[in-house]
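Undergrad: Got a structure here, written out as structure tokens. Questions coming.
Readers should treat all values here as calculations from the given coordinates under stated rules, not as data from a laboratory. Predicted model, so just to flag it, every value in this text is computed and none were measured. Because the Cβ atoms are built from the backbone with ideal geometry, glycine has one as well, and the counts that use them run over all protein chains shown.
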Amino acid sequence: MTHHVVDALISPEGRLDILSKAEVARLLDTSQGGLYNIFRNCSLAVLNCGNALDDGKELLERYKSFDISIIQRERGIKLDIKGAPARAFVDGEMIKGIHEHLFAVLRDVIYVSDEINDNPKLDLSTSEGITDSVFHILRNANVLRPMTNPNLVVCWGGHSISREEYDYSKEVGYQIGLRRMDICTGCGPGAMKGPMKGAAISHAKQRIRDGRYLGITEPGIIAAESPNPIVNDLVIMPDIEKRLEAFVRTGHGIVVFPGGAGTAEEILYILGILLHPDNANIPFPLIFTGPENSREYFSQIDHFIGETLGSIAQRRYKIIVNDPERVAQEMQAGIKEVRQFRKERSDAYYFNWLLRIAHDFQVPFQPTHENMRNLHLHGNQEKHVLAANLRRAFSGIVAGNVKDQGIRAIEQHGRFEIHGDAAIMDPMDALLASFVAQHRMKLPGKKYNPCYRIVK
């Protein structure tokens, strides 16, 4: 099958048109220490927008001849692109939103390399250092807006959802936008695109000219979840842990739509943080919602949380089925509480400094076969620590399902083995089996081969 490709030479508009010679050299360096591979792969993912593909390895293999290089001119830089997916262009010109995303990739890859990884002032082995790095990346991307009332709703949910669930997520986004709230998602298709589309329509009706559609991603997942062009602020965090921290630090409330292993990972992440004793009194609106046909899905999630983390975790969220208006109203009321709480404590509206995020949730987890086998999945530990370990298990499953590196590891060494107490493994096994049965692990029409084995 031939995939139409285009060659192009493009200039930045208004941002990042000057790079030092050393930065250009690092971006074009194909060695292990160089930035070329991460820059190339993220750029290809951005250009692949709108193509139904959720397999990072398949994307990289489909466009093997894709190449991107930087040409330095006296007046700035140009990107020389060879073999780019044709869908990124209209009559030979690159779609403006995709053009912006391409330079967001360049900005974030360079900034993380220059200012975060080798910065002696940021100690990435400490909790504070990691939170500071998240803050600096977001500030450099110009997405932290001071002097603005809290109104950013983070929407999580699967990339592989039914048409009915997608339309429902769009309706929720529409109701949120009517109430003048903005949207932040993981920026991909499915439940990440729906709320943005809905809000874009209601923002237009409300004559909101500066509506925000913030997309936060990371290099490992971007190929499987190409940013949709509604995103008008794209940020590429260095890893999944910093991406998740960016969501909860910048957002003022979270709406969770149906999804698969990645959505379960996100739910366990936020619940693990809210279960930390230091966060017991911090208001954080958290709503699980979907259309009528996803009622069963949320009762399975609720059951799993009850069995593993207990009723204390269940009290931190509301489940609202088939009522987009009520979701938006509850979220608006919840964000009012957040504003009041932060105002009383002089905490910033644009970055949630008061939230305590334990180191366990911040350290990047490498989903190798050994690390997956050695996860501590037993009941004899504090609930927020168990949540951190469960999150890692689901993170590994996401890697094995859709990330280039994870897929290759499974092909080489077979399935991940996940060990633990039967009291935890049984509900986890049942939850994962339900995801498979409901086609939540891969895009519709694709056969799913499990990348894991539960061992009790």
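Undergrad: Mind checking which aspartates and glutamates have their Cα closer than 16 Å to the Cα of Lys205? Skip sequence neighbours fewer than 8 apart in that chain.
TA: Partners within reach: Glu171, Asp182.
Undergrad: If you don't mind, there's one more thing I want to ask. Provide the gained length on full extension for the span Ser346 to Lys64, in nm with one decimal, where the gain is 0.36 nm per separating residue minus the Cα-Cα distance.
TA: Contour length minus Cα-Cα distance gives 96.4 nm.
Undergrad: Quickly rank 160-173, 77-90 as a protection proxy: mean count of other C-beta atoms within 10 Å, highest first.
TA: 160-173, 77-90
Undergrad: Using the Cα centre as the reference, give the magnitude of the dipole from point charges on the C-beta atoms of the chain (Lys, Arg: +1; Asp, Glu: -1; all else neutral), rounded to the nearest 20 debye.
TA: 780
Undergrad: Provide the gained length on full extension for the span Glu93 to Gln366, in nm with one decimal, where the gain is 0.36 nm per separating residue minus the Cα-Cα distance. Can you show the working numbers first?
TA: Numbers: separation 273, 0.36 × 273 = 98.28 nm, distance 3.92 nm.
Contour length minus Cα-Cα distance gives 94.4 nm.
Undergrad: Just one of [x] 62, 52, 47; [y] 84, 64, 49; [z] 63, 47, 43 is Cα extents along the principal axes in Å calculated from these coordinates, so which is it?
TA: [x]
Undergrad: Give me the net charge of Lys456's neighbourhood, meaning all other residues with Cβ under 13 Å from the Cβ of Lys456; Lys, Arg count +1, Asp, Glu -1.
TA: Here the charged neighbours net out to -3.
Undergrad: Taking amide H positions as placed in the peptide plane 1.01 Å from N, state which residues far from Arg453 in sequence (5 or more) or on other chains have amide H under 5 Å from it.
TA: Those lying under 5 Å, H to H, from Arg453 are Phe416, Glu417, Ile418.
Undergrad: Along the charge dipole of region 29-158, Cβ charges K/R +1 and D/E -1, which of Val134, Cys155, Gly76 sits furthest on the positive end?
TA: Gly76
Undergrad: What nm value, rounded to one decimal, do you get for the distance between Leu122 and Glu337 when each label is placed 7 Å out toward the C-beta?
TA: Taking the two extended label points, one gets 3.3 nm.
Undergrad: Further, regarding this structure: Please give the residues of region 214-249, grouped as numeric ranges, whose backbone N is less than 17 Å from a label point set 7 Å along the Cα-to-Cβ vector of His359.
TA: From region 214-249, the list is 242.
Undergrad: Further question: Compute the semi-axes of the equivalent ellipsoid of region 382-456, taking the square root of 5 times each eigenvalue of the Cα gyration tensor, and list them largest first in whole Å.
TA: Semi-axis lengths for region 382-456 are 21, 15, 12 Å.
Undergrad: Continuing with this model, one more query. Please turn the phi angles of region 313-325 into ³J(HN,Hα) values with the Karplus equation 6.51 cos²θ - 1.76 cosθ + 1.60 (θ = phi - 60°), one per residue in order, whole Hz, x for glycine and proline.
TA: After applying 6.51 cos²θ - 1.76 cosθ + 1.60, I find 6, 5, 6, 8, 9, 10, 10, 10, 9, 6, 8, x, 5 Hz.
Undergrad: Put +1 on the Cβ of every Lys and Arg and -1 on every Asp and Glu Cβ in region 319-408; which of Ala393, Gln362, Asn322 then has its Cα farthest towards the positive end of the dipole?
TA: Result: Gln362, furthest along the dipole toward the positive end.
Undergrad: Charges on Cβ only, +1 for Lys and Arg, -1 for Asp and Glu, centred on the Cα centroid of region 327-455; of His439, Asn374, His384, which one is farthest towards the dipole's positive end?
TA: It is His439, whose Cα lies furthest towards the positive end.
Undergrad: Provide the packing ranking of 42-49, 333-340, i.e. peptides ordered by the mean count of other C-beta atoms within 10 Å per residue, highest first.
TA: 42-49, 333-340
Undergrad: Using only the alpha carbons, work out the radius of gyration and Dmax of region 417-456 in angstrom.
TA: Rg and Dmax of region 417-456, Cα atoms, are 11.2, 34 Å.
Undergrad: Which pairs in the list Lys197/Lys447; Lys21/Lys242; Lys242/Lys446; Lys64/Lys446; Lys82/Lys403; Lys121/Lys383 are over 26 Å apart, alpha-carbon to alpha-carbon? It would help to have the intermediate numbers written out before the result.
TA: Details: Lys197/Lys447 29 Å; Lys21/Lys242 29 Å; Lys242/Lys446 30 Å; Lys64/Lys446 22 Å; Lys82/Lys403 24 Å; Lys121/Lys383 33 Å.
Checking Cα-Cα distances, Lys197/Lys447; Lys21/Lys242; Lys242/Lys446; Lys121/Lys383 exceed 26 Å.
Undergrad: A further question on this structure: Please turn the phi angles of region 147-155 into ³J(HN,Hα) values with the Karplus equation 6.51 cos²θ - 1.76 cosθ + 1.60 (θ = phi - 60°), one per residue in order, whole Hz, x for glycine and proline.
TA: Couplings: 6, 10, 5, x, 7, 9, 9, 7, 10 Hz.
Undergrad: I would also like to ask the following. For region 58-106, compute Rg over Rh where Rg is the Cα radius of gyration and Rh is the Kirkwood radius from the inverse mean 1/r over Cα pairs.
TA: In region 58-106, Rg relative to Rh is 0.99.
Undergrad: Let me ask another. Rounded to the nearest 500, what is the chain's calculated 222 nm mean residue ellipticity when only DSSP H runs of at least 4 contribute -39500 (n - 2.57) each, over all residues? Can you show the working numbers first?
TA: Details: 17 runs with 203 residues, N = 456.
Taking each H run of at least 4 residues, the total per residue is -14000 deg cm²/dmol.
Undergrad: Applying the Karplus parametrisation 6.51 cos²θ - 1.76 cosθ + 1.60 with θ = phi - 60° to the phi angles of region 399-404, what ³J(HN,Hα) value in whole Hz is obtained for each residue in order, glycine and proline being reported as x?
TA: 4, x, 7, 10, 8, 3
Undergrad: Hey, can you rank 403-409, 101-107 by average C-beta count inside 10 Å, highest first?
TA: Highest to lowest by the protection proxy: 101-107, 403-409.
Undergrad: Using every Cα-Cα pair within region 363-426, state what percent have a distance larger than 14 Å.
TA: Result for the distance tail: 55 percent.
Undergrad: For region 27-158, report the translational diffusion coefficient in µm²/s to the nearest whole number, using Stokes-Einstein at 4 °C, 1.567 mPa s, and a Kirkwood Rh over Cα pairs.
TA: Estimated diffusion coefficient is 75 µm²/s.
Undergrad: Could you work out the mean projected area of the convex hull around the alpha carbons of region 85-195, in square nanometres to one decimal?
TA: In nm², the orientation-averaged hull projection of region 85-195 is 10.1.
Undergrad: Here's a follow-up. So how far, in whole Å, is the C-alpha centre of region 99-122 from the one of region 369-432?
TA: Region 99-122 and region 369-432 have Cα centres separated by 30 Å.
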